[in-house]
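Enquirer: So that we are looking at the same thing, I have put the structure below in structure tokens.
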């Protein structure tokens, strides 16, 4: 089946939709804002009605701009955002607990003795970032009615009536048996969720159902969690490459082949995608606050928005000794200390907004560099690799709205000490969803048949010496160590 497809990327702060033709590229685009609420006690939630409305609004805008019929729809989702809802009516029974929400820490504390067992079963560390702790918390504190699922299952049900989730999204719950890609009875028992009605785990490409929500009746044929969709869009379909998406958070993924890799460096092992019943796996590392940290600086009045990063940061040559650990929603991989908060040190009377902007860019880039180091360590022993254990990844492929900042991407290249390749189109998640939708319409196609063959829009090479990069990264590590030591005290 040929023709354009509609790709919908339902994200934390908004929904982006693209109409994509394999020959002519992007024909139409639509965006609708979502406004998650940060509340006391580490709570972050969103109105589910707003999520669904944003999907419809963005999709219809993209179709209107394209002015052409599409043959299928692909949907990407946030991954770990959870809600309870009535399967008979589709009505939400709770607010949606966003992936950044920390209220389920008490559930994790109670399961501390089972942390290693859960990690071996599911590939995931015990942390309220993932879906299962939130699901259990909802059952204990909000409602016993209906079903409790990740947001994708609810959106798909609203669109098509089906009750499914894809294998990659299921892998973000801590309820999926990583080796078998099916729900784990043991994990369900540990979380007290054995009696739950869970969605069917399906491949990432294939017919799910049809929807008339965007106007004409269209088949929904592609499903994915956002970061895995972006990994596919970067054409990283075999071990040896890594990508990082800079959105609300920053997420680094590295492909590990057809065997899950449970490393020792603090990264998550999870499903990349399952196609025609065959599962591919990846390592995943997270920085909880990237664009959300930029928004934080904006709310303080330091800048007026992300577009200010380069002009304001360009007013000074360096951070002036300021170090920013932007752990505004906790530290994720490889530390897994969601209880910590950020730090801003080295301030003086001569500190300017430019210094703060540069310190923020260095803080984000330093965290991503730590994730790249962890990926290299874990990838070293993946079967079939030709590079020596510990050898650096040849380059980092990047996408997301913040890659429009030359300052941030250059800082990333400097601290990584290797090239950073910027995607031609920053919306890699939508491109991945489109590729999966196309795969789902024709079982004879392969990923290579449906992936864009675009070259990077820019390649940033390191401009500082390895010694200078080591000094800057050491300064960041010492700031993180101070946070860790302070929490222990």
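Enquirer: Only one of 168, 254, 238, 224 is within 21 Å of the chain's Cα centre (by Cα) and assigned to a loop (DSSP other than H, G, I, E, B); which?
Expert: Within the list 168, 254, 238, 224, the selection yields 238.
Enquirer: May I pose another question? Exactly one condition in (1) surrounded by fewer than 22 Cβ atoms within 10 Å (Cβ to Cβ); (2) in contact with a strand residue (DSSP E or B) (Cβ under 9 Å, 6 or more places away or on another chain) is false for residue 332; which is it?
Expert: Of everything listed in (1) surrounded by fewer than 22 Cβ atoms within 10 Å (Cβ to Cβ); (2) in contact with a strand residue (DSSP E or B) (Cβ under 9 Å, 6 or more places away or on another chain), residue 332 misses just condition (1).
Enquirer: Here is a list: 247, 241, 215, 192. Which entry is buried (at least 23 other Cβ atoms within 10 Å of the Cβ) and either closer than 21 Å to residue 100 by Cβ or touching a residue at least 24 places away in the same chain (Cβ under 8 Å) (or both)?
Expert: 247
Enquirer: Another question about this same structure. Please enumerate the residues belonging to the stretch 218-237 that are within 22 Å of residue 416 (Cα to Cα) and surrounded by fewer than 24 Cβ atoms within 10 Å (Cβ to Cβ).
Expert: Once the filter is applied, which keeps residues that are within 22 Å of residue 416 (Cα to Cα) and surrounded by fewer than 24 Cβ atoms within 10 Å (Cβ to Cβ), the stretch 218-237 yields 235, 236.
Enquirer: Turning to a different aspect of this structure: Does at least one position in the stretch 176-187 carry a residue that is part of a strand (DSSP E or B), free of Cβ contacts under 8 Å to residues at least 60 places away in the same chain, more than 30 Å from residue 64 (Cβ to Cβ) and in contact with a helix residue (DSSP H, G or I) (Cβ under 7 Å, 6 or more places away or on another chain)?
Expert: Within the stretch 176-187 (the criterion being part of a strand (DSSP E or B), free of Cβ contacts under 8 Å to residues at least 60 places away in the same chain, more than 30 Å from residue 64 (Cβ to Cβ) and in contact with a helix residue (DSSP H, G or I) (Cβ under 7 Å, 6 or more places away or on another chain)), the answer is yes, since at least one residue qualifies.
Enquirer: Output the qualifying pairs, or none if there are none: Cβ atoms under 6 angstrom, residues six or more apart or on different chains, first residue in the stretch 108-123 and free of Cβ contacts under 8 Å to residues at least 40 places away in the same chain, second residue part of a helix (DSSP H, G or I).
Expert: Hits for this filter: 108/133.
Enquirer: Shifting gears a bit: More than 30 Å from residue 217 (Cα to Cα), in contact (Cβ under 8 Å) with a residue 40 or more places away in the chain and either touching a strand residue (DSSP E or B) at 6+ places or on another chain (Cβ under 9 Å) or outside any helix (DSSP H, G or I) (or both): is that true of residue 154 in this structure?
Expert: For residue 154, the condition - more than 30 Å from residue 217 (Cα to Cα), in contact (Cβ under 8 Å) with a residue 40 or more places away in the chain and either touching a strand residue (DSSP E or B) at 6+ places or on another chain (Cβ under 9 Å) or outside any helix (DSSP H, G or I) (or both) - is not met.
Enquirer: Specify which of the listed residues (393, 451, 416, 402) is in contact (Cβ under 8 Å) with a residue 24 or more places away in the chain and not assigned by TED's automatic domain parsing to the domain that holds residue 370.
Expert: None of the others qualify; the one that does is 451.
Enquirer: What is the one condition in (1) within 18 Å of residue 99 (Cα to Cα); (2) more than 13 Å from the chain's Cα centre (by Cα) that residue 268 does not satisfy?
Expert: (2)
Enquirer: Yes or no: the stretch 310-329 includes at least one residue that is surrounded by fewer than 20 Cβ atoms within 10 Å (Cβ to Cβ), at negative phi, modelled with pLDDT of 95 or more and under 26 Å from the mean Cα position of the chain (by Cα).
Expert: Yes, the stretch 310-329 contains at least one residue that is surrounded by fewer than 20 Cβ atoms within 10 Å (Cβ to Cβ), at negative phi, modelled with pLDDT of 95 or more and under 26 Å from the mean Cα position of the chain (by Cα).
Enquirer: Next question, about the same structure. Take the residues in the stretch 108-131 that are closer than 13 Å to residue 188 by Cβ and in contact with a helix residue (DSSP H, G or I) (Cβ under 7 Å, 6 or more places away or on another chain), then tell me which one is surrounded by the fewest Cβ atoms within 10 Å (Cβ to Cβ).
Expert: Looking at residues that are closer than 13 Å to residue 188 by Cβ and in contact with a helix residue (DSSP H, G or I) (Cβ under 7 Å, 6 or more places away or on another chain), I get 114.
Enquirer: Would you call residue 26 in the same structural domain as residue 211 (by TED's automatic domain parsing) and modelled with pLDDT under 95?
Expert: It is true that residue 26 is in the same structural domain as residue 211 (by TED's automatic domain parsing) and modelled with pLDDT under 95.
Enquirer: Just to verify a result, which residue in the stretch 438-458, among those that are out of contact with any helix residue (DSSP H, G or I) (no Cβ under 9 Å at 6 or more places or on another chain) and not in a loop (DSSP other than H, G, I, E, B), is modelled with the lowest pLDDT?
Expert: Checked the stretch 438-458; the qualifying residue modelled with the lowest pLDDT is 448.
Enquirer: Can you name every residue in the stretch 257-294 that is touching a helix residue (DSSP H, G or I) at 6+ places or on another chain (Cβ under 8 Å), surrounded by fewer than 24 Cβ atoms within 10 Å (Cβ to Cβ) and assigned to a helix (DSSP H, G or I)?
Expert: Correct list: 291 only.
The values are calculated or read from the model by the stated rules, or taken from the named source; none is laboratory data. This is a predicted model, so every value here is computed, not measured. Virtual Cβ from ideal backbone geometry, glycine too; neighbours counted across all protein chains shown.
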